[in-house]
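In what follows, a single structure is set out as structure tokens and then discussed.
Values in this text are rule-based calculations from the coordinates and carry no lab data. Remember, predicted model here, so these are calculated numbers, not experimental data. Note that each Cβ is placed from the backbone with ideal geometry, even for glycine, and that neighbours are counted across all protein chains shown.
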């Protein structure tokens, strides 16, 4: 079995001058960022955007690569910062929940390994808003 490459997004928006991050539930019920396998012919950025549409029901613009999360020895996820634009058809609405959170709340809900990605995303968002 070869390496499984995945891509995901760290969606954010500004609401009332406060940054909010979007989390979705995994199939097991944990709070995570949207992510999925890269299909043949798709780029990492295309996959990140597609997973946001399917798993979270949102459309956004990829801003930049945030980092790589090593899932297993043979699997890694490249995460991108994604600026929320608008809602869209939510394909996985019946299978997942979604939640806009403050940085602090998101940090409490995320698995430990994804917190450093959130930390990096927060710094990038702060740079964008200066």
Relative contact order (%) - criterion: Cα under 8 Å, at least six apart; region: the chain = 30
Rank by packing, highest mean first: peptides 48-55, 3-10, 100-107, with packing defined as the count of other Cβ atoms within 10 Å averaged across residues.
-> 48-55, 3-10, 100-107
Order the peptides 93-99, 65-71 from the highest to the lowest mean number of other Cβ atoms within 10 Å of their residues.
-> 65-71, 93-99
Report the antiparallel proportion of the DSSP beta bridges in the chain as a percent, rounded to a multiple of 5.
-> 75
What is the list of residues in region 87-130 whose amide nitrogen lies under 13 Å from a point 7 angstrom out from the Cα of residue 28, following Cα to Cβ?
-> 111-113
Distance between modelled label sites at residue 100 and residue 85, nm, 7 Å Cα→Cβ extension | 1.8
Using alpha-carbon coordinates, inclination of helix 112-128 to the longest axis of the chain, degrees = 50
Regarding region 1-78, what whole-number volume in Å³ per residue does the convex hull of its Cα atoms give?
-> 111
For the chain, modelled as a GNM with alpha-carbon contacts under 10 angstrom, which of 60, 29, 41 fluctuates the most?
-> 41
